[in-house]
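Everything on this sheet refers to the single structure shown next.
The values are calculated or read from the model by the stated rules, or taken from the named source; none is laboratory data. Everything quoted here is computed from the prediction, not taken from an experiment. FYI the Cβ positions are ideal-geometry reconstructions off the backbone, even for glycines, and counts take in every protein chain you see.
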Amino acid sequence: MDSFNAGAVRTESLVRHYHLGQSIIRAVDGVSLSVKKGEFAALLGASGSGKSTLMNLLAGLDHATSGSITVEGQNLATLDPNQLAQYRRHTVGMVFQSFNLVPTMTLTENVELPMRFAEVERRERDARVQEALSQVGLSGRLEHRPSEMSGGEQQRAALARALVNRPKLLLADEPTGNLDSKTGTEILDLIRKLNQTLEMTVIMVTHERALADRYADRLIFLGDGKLINETVNVAGGAR
Amino acid sequence: MKAYDLVELAGRNLREAKLRNSLTTLGIGVGVASLVAMLSLGVGLQRLATRQLGSSGLFDSIVVTSRQDFRGERRPQPEAKDAKPLDDGSRKSFTQIPNVVEVNPDIRVLGEYRFAAPGKAEESHFAMTAALPASASRSDVFEDFQGRFFSGANVPEAIIVYDFGRALLDLPDSQQRDEKLTPEQANQVLGREITFRYAERQPAGSPANAQPQEQTNFSVVHKEQKLKIVGIVSTEPYGAMRGNRGRVFIPMGLAESLNMIQPSDLRQVMQPGQGKTYIALIVRVAKSSQVLAVEDAIKKEGFTTFSILDASSNIARFFKILDFFLGIFGSLALAVASLGIINTLIMAVLERRREIGIMKAIGASNGDVKSIFFYEAGVMGLFGGSLGVALGWTIGRIINLGANYYMQRQQLRPENFWYVPWWLVGAAIGFSIVVSLLAGLYPAARAAKLDPVQALRHE
């Protein structure tokens, strides 16, 4: 099996158009790409290049206008809303720029939340919460709400929440965008470590070329919704 | 998502907006309270009416007579000799009919009573005497009377009506027949002894010179029985269907043992050779709705029956209609409260758009999101319903207390107009939950339809 077919993520002629009044916005316009299992890929591009739209399509939160997305052997275009929810529960974990923790829940409750949707048995949940928290290096302030935690702690908690259902693919949308550079580096070190130790495929959206160069195995450049360039980053993969 | 997770999430979400959700729940509570107060009044009035009709003995009794005695001109005329006699055999057969509670003879004789009022010489009084079974103590007549009921079925005790008490004390007749004796007057009668003189039927041998067809097998003997007056009532208990109402009552067992001569015994003079028969038997059934079936069974045995048509079904129908309208009025407040639920949940959906987006991004299905809002509506319905039942119960109690206070001021007997049965408690809470869920349909559907990408962009 060649590397293309062994891909964890593959898109073919992927298109996502939006109607805005009379005009059509081509947010993603015929993107075909492949990310191998266990690879750390960075999606780079200026604002409005289609990075986040592509991320939402990969996460199954948005529907493609045409083309196909295959993740871990599942063609997302053929899945109904319930199957897409299942896919988000078990196949992907998401980390956002603004952390997106539920503000009314404590750290532990936030990490536990995906397991409620996945109907994980109650007695198993505590162990899995502890496991996810230790993976991201969080041990204190477990009963604190997000507003009582630092940005770094919140992003670690979000990462723990993304890991708790043991996904095969981690999608990180500007994970360091709201963090200072030191904390941002810590978070990316952590993501890279998880990528290597858990052999989890990571696709990260960023507009910071330096970070992509430092951590990603592969750099994918988008511009005006199109795939502009794709390069293998040996330096990132060597870290 | 598992039910306990849904309940937990619903509970924690409701706690996040305590004031708003408490006010909405209070609104549901007020709605349910008005429903419960209205329906409990309807149920209470129905119960009161049914109990009073039941205790009148009108609708659960069948008077059975022999066709030998009552044959109308236009009815088929069975030969008197073919008609079945109303004797101990038929009495026993009636007791075996399903739903029959008891069968008693209608013993009713004119007796002479000798009584000496305090400070006066003994005087003679004539009064219709009737026998009462122990079950007569449940008659509404005994809800408000002087003295007590018989201490046993065979004791030599008597209960009299007020106007006979007045006659014994040589007092002038009252304008109102059921006017009570004063406590002093009652004390001059209660516990006192009265002598009852009656004619006893005694078995007798045949006179030697009598022809067989002229023979009777009993003789009539003059007898006396001392009785102790134990109670004074307004009228004959269960006497509504009796033409000749009694003024003095003695226990059924005692009456049967006295073997008093009855009008039916005269038939034996005319038709010698027949054993002891009854003029009428009173058959009591468990429920008024069973009267017709029992009556049919007795008719099939060849007897004439009489009962007052079952009024309870008509009463139940009337109260069902009344309850329906009371329920509609009561539900209006709940309908208004349901608008409060819709408003609260739509507000929650708008406020929690981003949270809904997050939940969908981490694996919540549309159904999960819908269920969370549904459970929130249901929990508000449950708490609102429980609060409403408690509130409705309190309102009913206050209304009842107020009404009884007014009745007491008007010298009327207090009654329980209001009643909250367990089924109403369950139904009110259930109805509250159902109404809340219906009110939650639209907000829940709206939450479920939210586009997660849009929702995640919401600040």
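List of remarks:
- Going through (1) free of Cβ contacts under 8 Å to residues at least 60 places away in the same chain; (2) closer than 23 Å to A:Thr183 by Cβ; (3) facing another protein chain (nearest Cβ under 10 Å) one by one, A:Leu107 falls short only on (3).
- Within the stretch B:21-28, the presence of at least one residue that is within 14 Å of chain A (Cβ to nearest Cβ), assigned to a helix (DSSP H, G or I) and modelled with pLDDT of 85 or more is confirmed.
- Inter-residue pairs, beta-carbon under 8 Å, first within 14 Å of B:Leu258 (Cα to Cα) and in the stretch B:218-236, second of a type outside the set (A, V, I, L, M) and not in a strand (DSSP E or B), 6+ apart: B:Gln225/B:Pro156; B:Lys226/B:Pro156; B:Leu227/B:Pro156
- Checked against the criterion of being closer than 25 Å to B:Ala361 by Cβ, touching a residue at least 60 places away in the same chain (Cβ under 8 Å) and either in a loop (DSSP other than H, G, I, E, B) or among the basic types (Lys, Arg) (or both), the stretch A:153-162 contains one or more residues that satisfy it.
- Filtered by the rule that a residue be under 15 Å from A:Val28 (Cα atoms) and among the aliphatic types (A, V, I, L, M), the stretch A:55-92 gives A:Met55, A:Leu57, A:Leu58, A:Ala59, A:Leu61, A:Ala64, A:Ile69.
- Boolean, B:Ala121 is out of contact with any Leu (no Cβ under 7 Å at 6 or more places or on another chain) and in contact (Cβ under 8 Å) with a residue 40 or more places away in the chain: no
- Any hit, the stretch A:169-186, residues being more than 14 Å from every other protein chain (Cβ to nearest Cβ), surrounded by fewer than 23 Cβ atoms within 10 Å (Cβ to Cβ) and of a type in the set (A, V, I, L, M, F, W, C): yes
- The set of residues in the stretch A:92-104 that are facing chain B (nearest Cβ under 10 Å) and in a loop (DSSP other than H, G, I, E, B) comprises A:Phe96, A:Ser98, A:Phe99, A:Asn100, A:Leu101, A:Val102, A:Pro103, A:Thr104.
- Helices (runs of 4 or more DSSP H) wholly inside the stretch B:289-386 containing at least 1 residues that are at pLDDT 90 or above and within 14 Å of another protein chain (Cβ to nearest Cβ): B:353-361
- Tally of residues being surrounded by 14 or more Cβ atoms within 10 Å (Cβ to Cβ), aliphatic (A, V, I, L, M) and closer than 16 Å to B:Ala37 by Cβ across the stretch B:315-331: 2
- Selection count, the stretch A:18-51, where residues are at pLDDT below 90 and among the polar types (S, T, N, Q): 4
- Residue under evaluation B:Arg413, criteria (1) surrounded by fewer than 16 Cβ atoms within 10 Å (Cβ to Cβ); (2) without any contact (Cβ under 8 Å) to a residue 12 or more places away in the chain; (3) under 21 Å from the mean Cα position of the chain (by Cα), criterion not met: (2)
- Residue within the stretch A:49-63 that is surrounded by 19 or more Cβ atoms within 10 Å (Cβ to Cβ), away from chain B (no Cβ under 14 Å) and over 23 Å from A:Gly184 (Cα atoms) present: no
- Residues that are away from every other protein chain (no Cβ under 12 Å) and over 18 Å from the mean Cα position of the chain (by Cα) within the stretch A:113-132 comprise A:Arg123, A:Glu124, A:Asp126, A:Ala127, A:Arg128, A:Val129, A:Gln130, A:Glu131, listed in sequence order.
- Selection count, the stretch A:133-146, where residues are within 14 Å of chain B (Cβ to nearest Cβ) and surrounded by fewer than 19 Cβ atoms within 10 Å (Cβ to Cβ): 2
- For the stretch A:216-233, the condition of being within 14 Å of chain B (Cβ to nearest Cβ), buried (at least 22 other Cβ atoms within 10 Å of the Cβ) and in contact (Cβ under 8 Å) with a residue 12 or more places away in the chain holds for none of the residues.
- Test: residue in the stretch B:422-445 that is surrounded by fewer than 20 Cβ atoms within 10 Å (Cβ to Cβ) and within 14 Å of another protein chain (Cβ to nearest Cβ): yes
- Test: residue in the stretch B:427-438 that is assigned by TED's automatic domain parsing to the domain that holds B:Ile28, within 30 Å of B:Ser22 (Cβ to Cβ) and without any contact (Cβ under 8 Å) to a residue 40 or more places away in the chain: yes
- Restricted to the stretch B:102-157, and to residues there that are part of a loop (DSSP other than H, G, I, E, B) and β-branched (Val, Ile, Thr), the residue that is farthest from the chain's Cα centre (by Cα) is B:Val155.
- Residue satisfying all of: in the stretch B:279-309; charged (D, E, K, R) and within 25 Å of the chain's Cα centre (by Cα); surrounded by the fewest Cβ atoms within 10 Å (Cβ to Cβ) among these: B:Asp296
Matching residues to (1) touching an Asp or Glu at 6+ places or on another chain (Cβ under 7 Å); (2) exposed (fewer than 14 other Cβ atoms within 10 Å of the Cβ); (3) among the hydroxyl-bearing types (Ser, Thr, Tyr):
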position: B:Leu132; (1), (2), (3): no, no, no
position: B:Asp140; (1), (2), (3): no, no, no
position: B:Glu143; (1), (2), (3): no, yes, no
position: B:Arg148; (1), (2), (3): no, yes, no
position: B:Asp170; (1), (2), (3): no, yes, no
position: B:Thr182; (1), (2), (3): no, yes, yes
position: B:Val189; (1), (2), (3): no, no, no
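- Pick from the stretch B:352-380, criterion touching a residue at least 40 places away in the same chain (Cβ under 8 Å) and of a type in the set (Asp, Glu), ranking: surrounded by the most Cβ atoms within 10 Å (Cβ to Cβ): B:Glu376
- Candidates are the residues of the stretch B:170-188 that are part of a loop (DSSP other than H, G, I, E, B) and under 18 Å from B:Phe249 (Cα atoms); the one that is modelled with the highest pLDDT is B:Leu181.
- When B:Val425, B:Val389, B:Val453, B:Val434 are checked against the criterion of being part of a helix (DSSP H, G or I), within 30 Å of A:Asp173 (Cα to Cα) and aliphatic (A, V, I, L, M), a single residue qualifies: B:Val453.
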